[in-house]
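**Q** The structure follows.
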C-alpha cells in the first residue's frame with residue numbers, strides 16, 4: 001500500500017510540475033475559465049427570472065447542480081485529463097509506452113496530463129454554492145463530500161467511454177461525442193423530464209447520479225437516495241476497472 005501511494009504521489013507531482021514551473025499560465029487560464037462560467041450562468045439567471053421556477057425547481061436549486069458539476073468536472077480535468085487521450089493512444093499505439101512500465105497502467109494514463117483552466121472550475125464550484133446556491137458556509141463540508149462522490153462517478157464514466165476505443169477501431173472521436181453528450185445531460189435539470197430521458201440519464205449516460213441526486217439530497221436528505229448514490233459510485237467505479245482491464249487484455253493480445 002505504501003509503495004502504491006508513493007507511486008501515485010510521484011505521478012501527481014509529475015503531472016503538476018508544468019503548473020508549478022509556469023504559475024502565471026495557470027492563473028490566467030483559470031481566471032478566464034471563471035469568466036466563461038460566469039457568462040454561462042448569466043443565461044440561466046435570466047431564464048429563471050423570466051419563468052420563476054421549472055416544475056418546482058428554482059434558481060438556487062439549479063445553481064447547486066452547476067456548483068457540484070463545476071467542481072467535480074474541474075477536479076477530473078485538472079488532475080486526470082489523461083482520460084481524454086486514452087482513445088487516441090489506443091489507436092496510434094502510444095499505449096505501448098505505458099504498458100511497459102512496471103506499475104498499473106490506468107493511473108499513469110489518467111495522470112499523464114492536466115488542464116490548467118480547470119482549476120477555475122474547481123474554485124468556482126464553492127463560490128456558486130455559497131452565493132447563488134443560497135447555502136450557508138457550514139454546508140461546505142457537505143458540498144466537498146458530494147463533489148468528491150460526483151468526481152469519482154464522472155471519472156469512472158469517462159474511463160468507460162474512452163475505453164470503448166479498445167473495441168471501436170478507427171473511431172477515436174466517438175468517445176469525445178459521448179463525453180459531450182454527458183456534459184449536456186449533467187448540466188441540465190432532470191426534474192419533470194420524460195421517463196425515457198430519465199432512464200438514459202440513470203443508466204447509459206448516468207448524469208443523474210453525478211449532479212441530480214446530490215442536489216436532491218441538499219433539498220431534503222433521504223437515506224435511501226444517499227445509499228443509491230453510494231451504490232452508483234461503487235458500481236460505476238468497478239465497471240470502469242472491469243471495462244478498461246478487459247480492453248487492455250485485448251490490446252495486449254493484438255486484437256485492437
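The values are calculated or read from the model by the stated rules, or taken from the named source; none is laboratory data. Only a predicted model underlies this, so the values are computations on that prediction, with no experimental measurement involved. Please note: Cβ atoms are built from the backbone with ideal geometry, for glycine as well, and neighbour counts cover all protein chains shown.
**Q** Scan the range 198-217 and tell me whether some residue there is more than 18 Å from residue 182 (Cα to Cα), out of contact with any strand residue (DSSP E or B) (no Cβ under 8 Å at 6 or more places or on another chain) and without any contact (Cβ under 8 Å) to a residue 40 or more places away in the chain.
**A** yes
**Q** Still on this structure: In the range 35-74, what residues are without any contact (Cβ under 8 Å) to a residue 60 or more places away in the chain and either touching a strand residue (DSSP E or B) at 6+ places or on another chain (Cβ under 9 Å) or crowded, with 19+ Cβ neighbours inside 10 Å (or both)?
**A** Across the range 35-74, the qualifying residues are 47, 48, 70, 74.
**Q** In this structure, does residue 17 turn out to be outside any helix (DSSP H, G or I), within 24 Å of the chain's Cα centre (by Cα) and either under 20 Å from residue 180 (Cβ atoms) or free of Cβ contacts under 8 Å to residues at least 40 places away in the same chain (or both)?
**A** no
**Q** For residue 123, only one of the following conditions fails: (1) out of contact with any helix residue (DSSP H, G or I) (no Cβ under 6 Å at 6 or more places or on another chain); (2) closer than 21 Å to residue 178 by Cα. What is its number?
**A** Every listed condition holds for residue 123 apart from (2).
**Q** Output yes when any residue across the range 135-143 is within 19 Å of residue 215 (Cα to Cα) and buried (at least 21 other Cβ atoms within 10 Å of the Cβ), and no when none is.
**A** yes
**Q** For the range 161-171, which positions are surrounded by fewer than 21 Cβ atoms within 10 Å (Cβ to Cβ) and in a helix (DSSP H, G or I)?
**A** Across the range 161-171, the qualifying residue is only 164.
**Q** Right, next: When you go through (1) surrounded by 19 or more Cβ atoms within 10 Å (Cβ to Cβ); (2) part of a helix (DSSP H, G or I) one by one for residue 174, which number turns out not to apply?
**A** All conditions are met except number (1).
**Q** Right, here's the next one. Which of the residues belonging to the range 98-109 are closer than 23 Å to residue 174 by Cβ and without any contact (Cβ under 8 Å) to a residue 24 or more places away in the chain? Lay out the reasoning, then the answer.
**A** Just the residues of the range 98-109 that are closer than 23 Å to residue 174 by Cβ, to begin with: 98-99, 105-106, 109.
Passing the criteria: only 98.
**Q** In addition: Which condition does residue 111 not pass, out of (1) under 21 Å from residue 36 (Cα atoms); (2) under 16 Å from the mean Cα position of the chain (by Cα), if it passes all the others?
**A** The number of the failed condition is (1).
**Q** If I go through the range 13-30 residue by residue, how many of them are under 27 Å from residue 136 (Cα atoms) and either surrounded by fewer than 14 Cβ atoms within 10 Å (Cβ to Cβ) or touching a strand residue (DSSP E or B) at 6+ places or on another chain (Cβ under 8 Å) (or both)?
**A** 0
**Q** Go through the range 205-248 and count every residue that is at pLDDT below 90 and closer than 23 Å to residue 106 by Cβ.
**A** Looking only at that region, the number is 3.
**Q** Another question about this same structure. Search the range 183-194 for residues being part of a helix (DSSP H, G or I) and touching a helix residue (DSSP H, G or I) at 6+ places or on another chain (Cβ under 6 Å), and hand back the single one that is surrounded by the most Cβ atoms within 10 Å (Cβ to Cβ).
**A** As a first pass, look at the range 183-194 and keep what is part of a helix (DSSP H, G or I): 183-186.
Remaining after also requiring touching a helix residue (DSSP H, G or I) at 6+ places or on another chain (Cβ under 6 Å): 185-186.
On the way: 185: 21, 186: 27.
Within the range 183-194, the match that is surrounded by the most Cβ atoms within 10 Å (Cβ to Cβ) is 186.
**Q** In the range 131-147, is there at least one residue being touching a residue at least 60 places away in the same chain (Cβ under 8 Å), touching a helix residue (DSSP H, G or I) at 6+ places or on another chain (Cβ under 8 Å) and within 28 Å of residue 89 (Cβ to Cβ)?
**A** Checking the range 131-147: not a single residue is touching a residue at least 60 places away in the same chain (Cβ under 8 Å), touching a helix residue (DSSP H, G or I) at 6+ places or on another chain (Cβ under 8 Å) and within 28 Å of residue 89 (Cβ to Cβ).
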